[in-house]
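*Asks:* Please see the structure below; I have some questions.
The values are calculated or read from the model by the stated rules, or taken from the named source; none is laboratory data. Quantities reported herein were computed from a predicted structural model and do not represent experimental measurements. Cβ atoms come from the backbone with ideal geometry, glycine included; neighbour counts cover every protein chain shown.
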Amino acid sequence: MIPIPVSIESFRSIVHFVTAANAQSFTEAAESLGISKSAIGKSISLLEQNLGTALFHRTTRKISLTTEGEAYLASCRIALETLQSAENALRSKLTEPCGTIRIDMPAAFGRSVMMPILLDMAERFPHLKLTITFNDKLIDPVEIGFDLAIRFGALKDSADLVAKKLNEQHLVLAASPEYLSRYGTPLHFADLKQQRCIMAWRGGNPLSWLIKNAQGEDVRFNPTPFHQISDGDAMVGACVSGAGIIQFPESLLRPYIARGELVSILPELTPSPTQLSIIWPRSRHLLPSVRFIIDELIALSKQNAFG
């Protein structure tokens, strides 16, 4: 039996289908592909017509895969992975980093520390393009379709992810001189309960602080939030303006402390260092440009560039 070649239109529809299935949204898929929602809808409808089966359950609010759609998605992913492997084999022969690399990172750290480093790489290699997103939410990095991600906290390799430690990060408590003058400088742990604490807001709840107790153990502390803010840059800005006390990586607060805009307080409560890690999806092939960025960041970490 002679195989029927896949047309350009059929291949395009497959890409549209896989993108929509990964995003679980026609709207998000259309945005990521740079086409209209109606175009992606028509493309997938044509694919379903050619296959003779529905791939998605559709409602006015969401889409979900049918049983047939789930099976077809698995086959499509294998086919696209094979094509990606062939592309990787060709790209590996290139002499310098190129192509678009997608990187997700915490907002405040990404903007103040990582962005200058990545833009310097892009300046040195003009064919290296960056798609950078800032995300302070607790997420499953695999689901957002990234090449690399930067995250705080101890991370281990898993079936889906590879994690590499860059540097250790010290979490410190800080406030502005104006705030301390107005509300008093806390001298002991118990004093924090009477202070205005600015807490990170994630998933509908404030994130606890990590502090060292009298026994030298790292424990979680949940002060009563005075302000709850979902963005790291905004938290630092509020602290500098005198709105309250924050706990943040020292590497991010160091410039403000050096300028006298913030003061580090209660150093005896500083917990054991947390990790800054770079993570990427586990796969059989790694794009040369992704490997280049990983190697560059690891080399910089050995110079304590992120500590």
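*Asks:* Out of everything in the stretch 263-291 that is modelled with pLDDT of 90 or more and assigned to a helix (DSSP H, G or I), what residue ends up being surrounded by the most Cβ atoms within 10 Å (Cβ to Cβ)?
*Replies:* Of everything passing the filter in the stretch 263-291, 269 is surrounded by the most Cβ atoms within 10 Å (Cβ to Cβ).
*Asks:* Within the stretch 254-285, which residues are of a type in the set (A, V, I, L, M, F, W, C) and either under 28 Å from residue 215 (Cα atoms) or touching a residue at least 60 places away in the same chain (Cβ under 8 Å) (or both)?
*Replies:* To start, the set of residues in the stretch 254-285 that are of a type in the set (A, V, I, L, M, F, W, C) comprises 257-258, 262-263, 265-266, 269, 276, 278-280.
Answer for the stretch 254-285, where residues must be of a type in the set (A, V, I, L, M, F, W, C) and either under 28 Å from residue 215 (Cα atoms) or touching a residue at least 60 places away in the same chain (Cβ under 8 Å) (or both): 257, 262, 263, 265, 266, 269, 276, 278, 279, 280.
*Asks:* Still on this structure, I have one more. Take the residues in the stretch 74-107 that are at pLDDT 85 or above and surrounded by 12 or more Cβ atoms within 10 Å (Cβ to Cβ), then tell me which one is nearest to residue 150 (Cα to Cα).
*Replies:* Just the residues of the stretch 74-107 that are at pLDDT 85 or above, to begin with: 74-77, 101-106.
Now narrow it down to the ones that are surrounded by 12 or more Cβ atoms within 10 Å (Cβ to Cβ): 76-77, 101-106.
Working: 76: 29, 77: 26, 101: 13, 102: 11, 103: 8, 104: 6, 105: 5, 106: 7 Å.
Ranking the qualifying residues of the stretch 74-107, first place goes to 105.
*Asks:* Separate question: For the stretch 167-237, give me every one of the strands (runs of 3 or more DSSP E) that falls completely inside it and has 2 or more residues that are at negative phi, touching a residue at least 60 places away in the same chain (Cβ under 8 Å) and surrounded by 15 or more Cβ atoms within 10 Å (Cβ to Cβ). So that I can check it myself, show each step before the final result.
*Replies:* Values: elements: 171-175, 197-202, 209-212, 218-221, 225-229.
So the answer is 171-175, 209-212.
*Asks:* Moving on to the next point. Look through the stretch 108-129, keep the residues that are at pLDDT 90 or above and of a type in the set (A, V, I, L, M), and return whichever of them is farthest from residue 249 (Cα to Cα).
*Replies:* The selected residue is 122.
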